[in-house]
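Input: a single structure, listed below in C-alpha coordinates.
The values are calculated or read from the model by the stated rules, or taken from the named source; none is laboratory data. From a predicted model like this one, the values you see are computed outputs, not experimental measurements. Every residue, glycine as well, gets a Cβ built from its backbone with ideal geometry; the counts of neighbours run over all protein chains shown.
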Amino acid sequence: MAEIPTPTTPGPDAPARRPSRWRRLPVVRQLQQSVGLQRGMLVAGLVISAVFLLAALLAPLLAPYGFSQLRSGDRPFGAQQPPSAEHLLGTTVGGYDVLSRVVWGSRTALLVIIVAVAASIVLGVVIGLLSGYFGGWLDRVLVVVADAVYAFPSLLLAIVMAIVISGGQSDMWGGILAAALSITVIFIPQYFRVVRAETLRIKAEPFVESARVIGASHRRIMGRHVLRNATRSLPLIVTLNASEAILTLAGLGFLGFGIEPTEAAEWGYDLNKALSDVTSGIWWTSVFPGVAIVLVVLGLTLVGESLNDLADPRLRTRRAAAGMPEPMAGAPVVPGGALDAGPAGLSGLEPTEGDPR
(Lines give C-alpha, C1' and ligand atoms only; values in the text may rest on other atoms or scores of the structure.)
Protein backbone atom coordinates (compact mmCIF):
# COMPACT_ATOMS: atom_id res chain seq x y z
CA MET A 1 0.00 0.00 0.00
CA ALA A 2 1.47 3.30 -1.11
CA GLU A 3 2.25 5.84 1.55
CA ILE A 4 0.38 9.12 1.45
CA PRO A 5 2.87 12.00 1.40
CA THR A 6 2.39 14.47 4.20
CA PRO A 7 2.73 18.19 3.51
CA THR A 8 5.89 19.70 4.87
CA THR A 9 6.39 23.24 6.05
CA PRO A 10 9.10 25.07 4.07
CA GLY A 11 12.12 25.94 6.13
CA PRO A 12 13.60 29.38 6.57
CA ASP A 13 16.05 28.77 3.71
CA ALA A 14 13.32 27.77 1.26
CA PRO A 15 12.69 30.28 -1.59
CA ALA A 16 9.70 32.57 -1.06
CA ARG A 17 6.67 31.77 -3.18
CA ARG A 18 6.05 34.41 -5.85
CA PRO A 19 2.70 36.17 -5.41
CA SER A 20 0.00 35.51 -7.96
CA ARG A 21 -0.50 37.76 -10.96
CA TRP A 22 -3.68 39.15 -9.41
CA ARG A 23 -1.84 40.22 -6.26
CA ARG A 24 0.84 41.96 -8.35
CA LEU A 25 -1.63 44.34 -9.98
CA PRO A 26 -0.86 47.98 -9.03
CA VAL A 27 -4.01 48.86 -7.10
CA VAL A 28 -4.32 45.40 -5.51
CA ARG A 29 -0.72 45.52 -4.29
CA GLN A 30 -1.22 48.96 -2.75
CA LEU A 31 -4.47 47.83 -1.16
CA GLN A 32 -2.63 45.01 0.61
CA GLN A 33 0.08 47.39 1.81
CA SER A 34 -2.38 49.95 3.16
CA VAL A 35 -3.51 49.97 6.76
CA GLY A 36 -5.75 52.08 8.96
CA LEU A 37 -6.81 55.45 7.56
CA GLN A 38 -4.91 54.90 4.32
CA ARG A 39 -6.86 51.73 3.61
CA GLY A 40 -10.14 53.48 4.43
CA MET A 41 -9.34 56.34 2.04
CA LEU A 42 -8.27 53.97 -0.71
CA VAL A 43 -11.31 51.72 -0.36
CA ALA A 44 -13.71 54.69 -0.29
CA GLY A 45 -12.09 56.17 -3.38
CA LEU A 46 -12.20 52.85 -5.23
CA VAL A 47 -15.89 52.34 -4.37
CA ILE A 48 -16.87 55.83 -5.55
CA SER A 49 -14.79 55.46 -8.72
CA ALA A 50 -16.33 52.03 -9.42
CA VAL A 51 -19.86 53.44 -9.06
CA PHE A 52 -18.96 56.26 -11.45
CA LEU A 53 -17.49 53.81 -13.95
CA LEU A 54 -20.51 51.50 -13.79
CA ALA A 55 -22.92 54.42 -14.18
CA ALA A 56 -21.03 55.56 -17.29
CA LEU A 57 -20.88 52.11 -18.85
CA LEU A 58 -24.49 51.17 -18.01
CA ALA A 59 -26.06 54.58 -18.64
CA PRO A 60 -28.61 53.28 -21.20
CA LEU A 61 -29.81 50.71 -18.66
CA LEU A 62 -29.75 52.88 -15.53
CA ALA A 63 -31.20 56.13 -16.91
CA PRO A 64 -35.02 56.10 -17.02
CA TYR A 65 -35.07 58.45 -20.03
CA GLY A 66 -32.76 59.77 -22.70
CA PHE A 67 -30.52 62.74 -21.94
CA SER A 68 -32.47 64.95 -24.39
CA GLN A 69 -35.93 63.40 -23.91
CA LEU A 70 -38.68 65.93 -23.12
CA ARG A 71 -41.83 63.81 -23.10
CA SER A 72 -43.11 60.38 -22.22
CA GLY A 73 -45.45 59.30 -24.97
CA ASP A 74 -47.59 62.29 -25.87
CA ARG A 75 -47.26 64.00 -22.49
CA PRO A 76 -44.35 66.42 -21.89
CA PHE A 77 -42.39 66.19 -18.66
CA GLY A 78 -42.83 69.83 -17.72
CA ALA A 79 -40.21 72.27 -16.54
CA GLN A 80 -38.93 72.45 -12.96
CA GLN A 81 -41.12 69.63 -11.68
CA PRO A 82 -40.27 68.55 -8.11
CA PRO A 83 -39.05 65.01 -7.36
CA SER A 84 -41.85 62.47 -7.75
CA ALA A 85 -42.44 58.82 -8.57
CA GLU A 86 -42.25 59.59 -12.28
CA HIS A 87 -39.14 61.76 -11.96
CA LEU A 88 -37.14 60.70 -8.92
CA LEU A 89 -34.91 63.80 -8.98
CA GLY A 90 -37.33 66.19 -10.67
CA THR A 91 -36.93 68.00 -13.99
CA THR A 92 -34.77 70.91 -15.14
CA VAL A 93 -35.77 74.34 -16.39
CA GLY A 94 -35.51 72.98 -19.92
CA GLY A 95 -37.85 70.07 -19.13
CA TYR A 96 -35.21 67.32 -18.95
CA ASP A 97 -35.23 64.55 -16.35
CA VAL A 98 -32.54 65.36 -13.76
CA LEU A 99 -31.71 61.73 -12.93
CA SER A 100 -31.25 60.86 -16.60
CA ARG A 101 -29.03 63.90 -17.17
CA VAL A 102 -26.87 63.00 -14.17
CA VAL A 103 -26.44 59.38 -15.28
CA TRP A 104 -25.74 60.25 -18.92
CA GLY A 105 -23.37 63.00 -17.78
CA SER A 106 -21.11 60.36 -16.23
CA ARG A 107 -20.59 58.83 -19.67
CA THR A 108 -19.60 62.21 -21.13
CA ALA A 109 -17.14 62.78 -18.28
CA LEU A 110 -15.62 59.31 -18.72
CA LEU A 111 -15.11 59.81 -22.45
CA VAL A 112 -13.39 63.15 -21.86
CA ILE A 113 -11.14 61.60 -19.20
CA ILE A 114 -10.12 58.71 -21.48
CA VAL A 115 -9.35 60.90 -24.50
CA ALA A 116 -7.62 63.67 -22.52
CA VAL A 117 -5.48 61.42 -20.32
CA ALA A 118 -4.54 59.05 -23.15
CA ALA A 119 -3.50 61.87 -25.49
CA SER A 120 -1.56 63.73 -22.79
CA ILE A 121 0.25 60.58 -21.66
CA VAL A 122 1.38 59.72 -25.20
CA LEU A 123 2.57 63.23 -26.04
CA GLY A 124 4.00 64.04 -22.61
CA VAL A 125 5.91 60.76 -22.29
CA VAL A 126 7.39 60.94 -25.79
CA ILE A 127 8.48 64.57 -25.44
CA GLY A 128 9.84 64.05 -21.92
CA LEU A 129 11.76 60.95 -22.97
CA LEU A 130 13.39 62.69 -25.94
CA SER A 131 14.16 65.81 -23.93
CA GLY A 132 15.72 64.01 -20.99
CA TYR A 133 17.67 61.46 -23.04
CA PHE A 134 19.23 63.68 -25.71
CA GLY A 135 19.42 66.98 -23.76
CA GLY A 136 21.15 69.92 -25.43
CA TRP A 137 19.21 72.61 -27.26
CA LEU A 138 16.19 70.34 -27.67
CA ASP A 139 15.89 69.96 -23.91
CA ARG A 140 16.22 73.71 -23.30
CA VAL A 141 13.55 74.60 -25.87
CA LEU A 142 11.06 71.99 -24.63
CA VAL A 143 11.57 73.00 -21.00
CA VAL A 144 10.89 76.66 -21.81
CA VAL A 145 7.74 75.80 -23.78
CA ALA A 146 6.47 73.45 -21.07
CA ASP A 147 7.07 76.03 -18.34
CA ALA A 148 5.24 78.68 -20.37
CA VAL A 149 2.21 76.44 -20.86
CA TYR A 150 2.25 75.30 -17.24
CA ALA A 151 2.37 78.90 -15.97
CA PHE A 152 -0.68 79.88 -18.03
CA PRO A 153 -4.06 79.67 -16.18
CA SER A 154 -5.41 76.22 -16.96
CA LEU A 155 -9.11 77.09 -17.27
CA LEU A 156 -8.40 80.14 -19.43
CA LEU A 157 -6.19 78.06 -21.67
CA ALA A 158 -8.93 75.43 -21.95
CA ILE A 159 -11.47 78.12 -22.91
CA VAL A 160 -9.16 79.47 -25.62
CA MET A 161 -8.52 76.00 -27.01
CA ALA A 162 -12.23 75.12 -26.96
CA ILE A 163 -13.07 78.28 -28.91
CA VAL A 164 -10.30 77.61 -31.44
CA ILE A 165 -11.24 73.95 -31.91
CA SER A 166 -15.04 74.02 -31.92
CA GLY A 167 -16.08 77.67 -31.87
CA GLY A 168 -17.39 77.37 -28.32
CA GLN A 169 -20.08 74.70 -28.74
CA SER A 170 -20.59 71.70 -31.01
CA ASP A 171 -22.08 68.24 -31.22
CA MET A 172 -21.31 65.39 -28.83
CA TRP A 173 -18.04 64.08 -30.30
CA GLY A 174 -16.93 67.51 -31.41
CA GLY A 175 -17.50 68.89 -27.92
CA ILE A 176 -15.85 65.89 -26.28
CA LEU A 177 -12.79 66.17 -28.52
CA ALA A 178 -12.63 69.94 -28.03
CA ALA A 179 -12.80 69.61 -24.24
CA ALA A 180 -10.39 66.65 -24.21
CA LEU A 181 -7.81 68.33 -26.43
CA SER A 182 -8.01 71.56 -24.47
CA ILE A 183 -7.42 69.58 -21.27
CA THR A 184 -4.60 67.65 -22.98
CA VAL A 185 -2.65 70.86 -23.53
CA ILE A 186 -2.79 71.48 -19.77
CA PHE A 187 -1.71 67.95 -18.80
CA ILE A 188 1.22 67.52 -21.21
CA PRO A 189 3.67 69.66 -19.15
CA GLN A 190 2.97 67.55 -16.04
CA TYR A 191 3.84 64.25 -17.73
CA PHE A 192 6.74 65.95 -19.52
CA ARG A 193 8.30 67.08 -16.24
CA VAL A 194 7.94 63.72 -14.51
CA VAL A 195 9.26 61.63 -17.40
CA ARG A 196 12.11 64.07 -18.14
CA ALA A 197 13.30 64.06 -14.51
CA GLU A 198 13.20 60.25 -14.35
CA THR A 199 14.98 59.96 -17.70
CA LEU A 200 17.81 62.23 -16.54
CA ARG A 201 18.28 60.03 -13.50
CA ILE A 202 17.99 56.68 -15.26
CA LYS A 203 20.27 57.42 -18.22
CA ALA A 204 23.19 57.79 -15.78
CA GLU A 205 22.60 54.33 -14.27
CA PRO A 206 25.20 51.59 -14.88
CA PHE A 207 22.82 49.33 -16.83
CA VAL A 208 22.22 52.10 -19.38
CA GLU A 209 25.95 52.69 -19.71
CA SER A 210 26.43 48.95 -20.20
CA ALA A 211 23.84 48.94 -22.97
CA ARG A 212 25.70 51.73 -24.72
CA VAL A 213 29.01 49.87 -24.39
CA ILE A 214 27.66 46.71 -26.06
CA GLY A 215 26.39 48.82 -28.98
CA ALA A 216 22.65 49.08 -28.30
CA SER A 217 20.89 51.75 -30.35
CA HIS A 218 19.29 54.83 -28.82
CA ARG A 219 15.86 53.53 -29.76
CA ARG A 220 16.44 50.23 -27.99
CA ILE A 221 17.86 51.90 -24.87
CA MET A 222 14.98 54.37 -24.61
CA GLY A 223 12.28 51.80 -25.30
CA ARG A 224 13.63 48.84 -23.34
CA HIS A 225 15.55 50.36 -20.44
CA VAL A 226 14.61 54.00 -19.88
CA LEU A 227 10.90 54.11 -20.74
CA ARG A 228 9.98 51.12 -18.60
CA ASN A 229 11.57 52.64 -15.49
CA ALA A 230 10.61 56.27 -16.12
CA THR A 231 6.85 55.67 -16.23
CA ARG A 232 6.33 53.86 -12.91
CA SER A 233 4.86 56.91 -11.17
CA LEU A 234 2.42 57.78 -13.98
CA PRO A 235 -0.57 55.87 -12.50
CA LEU A 236 -0.48 58.25 -9.54
CA ILE A 237 -0.66 61.28 -11.83
CA VAL A 238 -3.41 59.74 -13.97
CA THR A 239 -5.86 59.51 -11.07
CA LEU A 240 -5.24 63.10 -10.03
CA ASN A 241 -5.47 64.36 -13.61
CA ALA A 242 -8.73 62.49 -14.12
CA SER A 243 -10.37 64.49 -11.33
CA GLU A 244 -8.87 67.70 -12.71
CA ALA A 245 -10.28 66.83 -16.15
CA ILE A 246 -13.78 66.57 -14.70
CA LEU A 247 -13.43 69.96 -13.02
CA THR A 248 -12.14 71.55 -16.23
CA LEU A 249 -14.96 70.00 -18.27
CA ALA A 250 -17.52 71.24 -15.74
CA GLY A 251 -15.94 74.70 -15.83
CA LEU A 252 -16.15 74.83 -19.61
CA GLY A 253 -19.79 73.77 -19.56
CA PHE A 254 -20.67 76.17 -16.74
CA LEU A 255 -19.18 79.09 -18.68
CA GLY A 256 -21.07 78.15 -21.84
CA PHE A 257 -18.20 76.59 -23.83
CA GLY A 258 -19.32 73.00 -23.47
CA ILE A 259 -21.55 70.58 -25.35
CA GLU A 260 -25.04 71.33 -26.66
CA PRO A 261 -27.71 69.81 -24.38
CA THR A 262 -29.37 68.03 -27.30
CA GLU A 263 -26.09 66.28 -28.19
CA ALA A 264 -24.94 64.99 -24.78
CA ALA A 265 -25.51 65.50 -21.05
CA GLU A 266 -22.90 67.53 -19.20
CA TRP A 267 -22.95 68.44 -15.51
CA GLY A 268 -21.42 71.90 -15.89
CA TYR A 269 -24.04 72.95 -18.42
CA ASP A 270 -26.86 71.78 -16.13
CA LEU A 271 -25.38 73.80 -13.26
CA ASN A 272 -25.27 76.89 -15.45
CA LYS A 273 -28.95 76.57 -16.34
CA ALA A 274 -29.87 75.98 -12.69
CA LEU A 275 -28.45 79.29 -11.43
CA SER A 276 -31.78 81.10 -11.68
CA ASP A 277 -33.58 78.22 -9.96
CA VAL A 278 -31.58 78.57 -6.74
CA THR A 279 -33.05 81.98 -5.91
CA SER A 280 -36.57 80.63 -6.53
CA GLY A 281 -36.25 77.77 -4.05
CA ILE A 282 -35.91 75.12 -6.77
CA TRP A 283 -32.98 73.18 -5.36
CA TRP A 284 -33.09 69.82 -7.18
CA THR A 285 -31.91 71.15 -10.55
CA SER A 286 -28.55 72.23 -9.14
CA VAL A 287 -27.92 69.97 -6.14
CA PHE A 288 -27.71 66.62 -7.92
CA PRO A 289 -25.34 67.63 -10.77
CA GLY A 290 -23.17 69.41 -8.19
CA VAL A 291 -23.15 66.38 -5.90
CA ALA A 292 -22.16 64.17 -8.84
CA ILE A 293 -19.17 66.40 -9.62
CA VAL A 294 -18.09 66.53 -5.97
CA LEU A 295 -18.38 62.77 -5.40
CA VAL A 296 -16.53 61.75 -8.55
CA VAL A 297 -13.73 64.25 -7.96
CA LEU A 298 -13.53 63.17 -4.31
CA GLY A 299 -13.32 59.48 -5.22
CA LEU A 300 -10.59 59.95 -7.82
CA THR A 301 -8.66 62.28 -5.52
CA LEU A 302 -8.80 59.79 -2.64
CA VAL A 303 -7.42 57.06 -4.88
CA GLY A 304 -4.64 59.30 -6.18
CA GLU A 305 -3.61 60.61 -2.77
CA SER A 306 -3.66 57.13 -1.23
CA LEU A 307 -1.50 55.69 -4.01
CA ASN A 308 0.86 58.64 -3.67
CA ASP A 309 1.26 58.04 0.07
CA LEU A 310 1.83 54.32 -0.41
CA ALA A 311 4.43 54.93 -3.14
CA ASP A 312 6.46 57.19 -0.84
CA PRO A 313 8.44 55.18 1.76
CA ARG A 314 8.45 58.21 4.08
CA LEU A 315 4.65 58.38 4.13
CA ARG A 316 3.80 54.69 3.91
CA THR A 317 2.72 53.02 7.14
CA ARG A 318 4.01 49.49 7.19
CA ARG A 319 1.68 46.79 8.29
CA ALA A 320 2.71 44.99 11.49
CA ALA A 321 3.73 41.44 10.77
CA ALA A 322 0.91 39.12 11.71
CA GLY A 323 1.56 35.79 13.33
CA MET A 324 5.22 36.43 14.15
CA PRO A 325 6.25 34.89 17.46
CA GLU A 326 7.52 37.13 20.20
CA PRO A 327 11.33 37.15 20.60
CA MET A 328 12.46 34.88 23.44
CA ALA A 329 14.14 36.50 26.40
CA GLY A 330 16.80 33.81 26.68
CA ALA A 331 18.52 34.35 23.33
CA PRO A 332 21.64 32.20 22.76
CA VAL A 333 24.74 34.28 23.25
CA VAL A 334 27.27 31.47 23.82
CA PRO A 335 27.79 28.20 22.04
CA GLY A 336 25.54 25.60 23.53
CA GLY A 337 22.34 27.55 24.17
CA ALA A 338 20.84 30.25 26.35
CA LEU A 339 22.33 31.47 29.59
CA ASP A 340 19.98 29.38 31.66
CA ALA A 341 20.38 26.26 29.55
CA GLY A 342 23.77 25.12 30.78
CA PRO A 343 24.24 22.10 33.06
CA ALA A 344 24.88 24.30 36.08
CA GLY A 345 22.76 27.31 35.12
CA LEU A 346 24.30 30.74 35.44
CA SER A 347 26.73 29.48 38.04
CA GLY A 348 28.17 27.15 35.45
CA LEU A 349 29.40 30.18 33.50
CA GLU A 350 31.08 31.85 36.45
CA PRO A 351 34.40 30.58 37.83
CA THR A 352 34.23 29.04 41.27
CA GLU A 353 36.87 28.41 43.88
CA GLY A 354 39.34 25.88 42.67
CA ASP A 355 38.14 26.21 39.04
CA PRO A 356 41.11 26.58 36.67
CA ARG A 357 39.15 29.18 34.62
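Somewhere in segment 109-129, is a residue within 19 Å of residue 286 (Cα to Cα) and within 17 Å of the chain's Cα centre (by Cα)? There is at least one residue in segment 109-129 that is within 19 Å of residue 286 (Cα to Cα) and within 17 Å of the chain's Cα centre (by Cα). Taken over segment 62-85, residues that are outside any loop (DSSP other than H, G, I, E, B) and either among the basic types (Lys, Arg) or closer than 21 Å to residue 295 by Cα (or both) amount to 3. Is at least one residue of segment 131-138 part of a helix (DSSP H, G or I) and within 26 Å of residue 262 (Cβ to Cβ)? No, the conditions are met nowhere in segment 131-138. No other residue among 347, 276, 306 is at pLDDT below 85, surrounded by fewer than 16 Cβ atoms within 10 Å (Cβ to Cβ), in a helix (DSSP H, G or I) and under 37 Å from the mean Cα position of the chain (by Cα) apart from 276. Screening residue 230 against (1) buried (at least 18 other Cβ atoms within 10 Å of the Cβ); (2) among the small types (Gly, Ala, Ser); (3) at pLDDT 80 or above leaves a single unmet condition, (3). Note on segment 233-267: residues that are in contact with a strand residue (DSSP E or B) (Cβ under 8 Å, 6 or more places away or on another chain), outside any loop (DSSP other than H, G, I, E, B) and at pLDDT 80 or above total 1.
Every residue, every condition in (1) modelled with pLDDT under 85; (2) surrounded by fewer than 19 Cβ atoms within 10 Å (Cβ to Cβ); (3) closer than 30 Å to residue 80 by Cβ; (4) out of contact with any Phe, Trp or Tyr (no Cβ under 8 Å at 6 or more places or on another chain), yes or no:
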{"residue": "118", "(1), (2), (3), (4)": "no, yes, no, yes"}
{"residue": "131", "(1), (2), (3), (4)": "no, no, no, no"}
{"residue": "171", "(1), (2), (3), (4)": "yes, yes, yes, yes"}
{"residue": "175", "(1), (2), (3), (4)": "yes, no, yes, yes"}
{"residue": "179", "(1), (2), (3), (4)": "yes, no, yes, yes"}
{"residue": "189", "(1), (2), (3), (4)": "no, no, no, no"}
